[in-house]
Amino acid sequence: MIAKALQWIGGIDGILELVDQRRLPGEFVKFQCDNIEAVYEAIKTLAVRGAPAIGVAGAYGLVLAMQKLDAGDDLEAGLACLVSGCEYLASSRPTAVNLSWALERVKRKSEEYVAAEAGMDLEKLRVFVLAEANAIYQEDVDTCRRIGENGEKFIKDGSGILTHCNAGALATAGQGTALSVIFEAHKKSKKFRVYADETRPLLQGGRLTAWELQQARIDVTVICDNMAGWLMKQGKIDMVITGADRIAANGDAANKIGTYSLSILARQHDIPFYIAAPLSTFDSSIKSGAEIPIEQRCPDEVALWGDKRIVAEGVDIYNPAFDVTEAGDIAAIITDKGVIEKPNTERIAEHLK
């Protein structure tokens, strides 16, 4: 079974249904958002997470925002609602570019539609915004499948695969990015073992990735984050594959904190390190990873274990959610369009044309 992280239910007056990822793996619970504030909160608190998934959720958040317009509002009010909705939702999480990409796409295409169509009214605009959100959803489903198909060739029988955080169905509208590669290899009856870093401090690897792979009946073992280097030295790891939240023009890639450390360990042990991500994760406006904004999250994520305090009161805590892996340490970036071997500025620009 591959989980469905989110889905829209109904028409323009419908609702967004999400899997509450804060409660996995103990409970599989869905909840519904019927306003833009609920979507913002879901993204901010990681009830929905993963760069592609929050992009899709953001697009549907704009549909919900427009539900609150009055019957007497005009097109100008509708377009203003999209602008304010985009600014509001984009502020929920700054690092993953898919969120701002999806919001900007809905806004830009809506403005073009209004400018081009005669006899436009607010109702037609609302229908268009939902159609565009649905298109982003379906494109992500198709994109995830193609990423898996393009990357499964790197997995050989007997491989030991290390992954970090969660880049599966729970992080997308489809079957994932990094995990899509694994799912497609599994469909071809390849035999391999996946090692999932637990991924402190929120344990997305232990809670989510291991749960997804178990549901798919794929051999998975959870390890603590600080065990990866030792497994590499023992010869248990043949490749590392992760997702990404933003990829700069030169190929530097931001992903969950701890990914950079794995890239250095992989280089030391001569193990290929792969990134799997859709084209929408590339940000050509940023020359290198040094320009990628890094989200700082609440200290309590580190200081507390559930309700129990594990760090003394008054001790400073530094909690960046992401780090940046340099392009020189990435063997290839696997996209829905194909594979970029030894990524650099020129090869990425050619790939994105």
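From Cα pairs below 8 angstrom and at least 6 apart in sequence, can you work out the relative contact order of segment 6-146, rounded to a whole percent?
Over segment 6-146, the number comes to 24 percent.
Using alpha-carbon positions, what is the distance between the centroids of segment 210-281 and segment 296-353, in Å?
What the calculation gives is 11 Å, centre to centre.
Within segment 131-175, which trypsin sites (Lys or Arg not before Pro) sit in a loop by DSSP and count at most 13 neighbouring Cβ atoms inside 10 Å?
Lys156
Over segment 46-103, what relative contact order in percent results from Cα pairs under 8 Å that are six or more residues apart?
The normalised contact order for segment 46-103 reaches 53 percent.
Over the chain, calculate the relative contact order: mean separation of alpha carbon pairs under 8 Å at least 6 apart, over the residue count, as a percent.
16
When the helices in the chain are scored as -39500 (n - 2.57) per DSSP H run of 4 or longer and the sum is shared across all residues, what 222 nm value do you end up with, to the nearest 500 deg cm²/dmol?
Rounded to the nearest 500, the figure is -12000 deg cm²/dmol.
May I ask what percent, to the nearest 5, of DSSP beta bridges between residues of segment 239-341 are antiparallel?
Taking every DSSP beta bridge within segment 239-341, about 60 percent pair in antiparallel fashion.
Against the empirical 2.2 N^0.38 Å scaling, what ratio does the C-alpha Rg of the chain come to?
Computed over Cα atoms of the chain, the ratio equals 0.99.
Hull surface divided by four, with the convex hull built on the Cα atoms of segment 110-242: how many nm²?
With every direction weighted equally, the projected area is 10.4 nm².
Only bridges whose two residues both fall in the chain count here: according to DSSP, what percent of them are antiparallel, nearest 5?
Roughly 50 percent of the beta bridges in the chain run antiparallel, per DSSP.
Counting other Cβ atoms within 10 Å, which GluC sites (Glu not before Pro) in segment 269-353 have at most 10 and lie in a DSSP loop?
Glu313
If you add up the charges near Ile147, with Lys and Arg at +1 and Asp and Glu at -1, over every other residue whose beta carbon is less than 13 angstrom from its beta carbon, what do you get?
Charge balance near Ile147 sits at -3.
Projected area of segment 149-352, taken from the Cα convex hull and averaged over every viewing direction, in nm²?
Computing the convex hull of the Cα atoms and averaging its projections yields 11.6 nm².
As a footprinting exposure proxy, order Ser180, Ser110 by other Cβ within 10 Å, with the fewest listed first.
With the fewest neighbours first, Ser180, Ser110 line up as Ser110, Ser180.
Of all beta bridges DSSP finds with both residues in segment 149-352, what is the antiparallel percent, to the nearest 5?
40
Which trypsin sites (Lys or Arg not before Pro) from segment 164-219 combine a DSSP loop assignment with at most 14 other Cβ atoms within 10 Å?
Answer by residue number: Lys188, Lys191, Arg217.
By counting other Cβ atoms within 10 Å of each Cβ, how are Ile330, Ile237, Ile247, Ile12 ranked from fewest to most?
Ile12, Ile237, Ile330, Ile247
Please rank His269, His164, fewest neighbouring Cβ atoms within 10 Å first, as an exposure proxy.
Ranked by crowding around the Cβ, least crowded first: His269, His164.
Assuming 0.890 mPa s and 25 °C, estimate D for segment 6-146 with Stokes-Einstein, Rh taken as the Kirkwood radius over Cα pairs, in µm²/s.
Rounded, D is 162 µm²/s.
Distance cut-off 31 Å, Cα to Cα: go down the list Lys187/Lys236; Lys109/Lys337; Lys4/Lys124; Lys109/Lys342; Lys107/Lys353 and report the pairs above it.
With Cα atoms farther than 31 Å apart: Lys109/Lys342.
Only the coordinates and a few stated rules stand behind these numbers; no lab work does. A quick note: this is a predicted structure, and the numbers were derived from the prediction, not measured. FYI the Cβ positions are ideal-geometry reconstructions off the backbone, even for glycines, and counts take in every protein chain you see.
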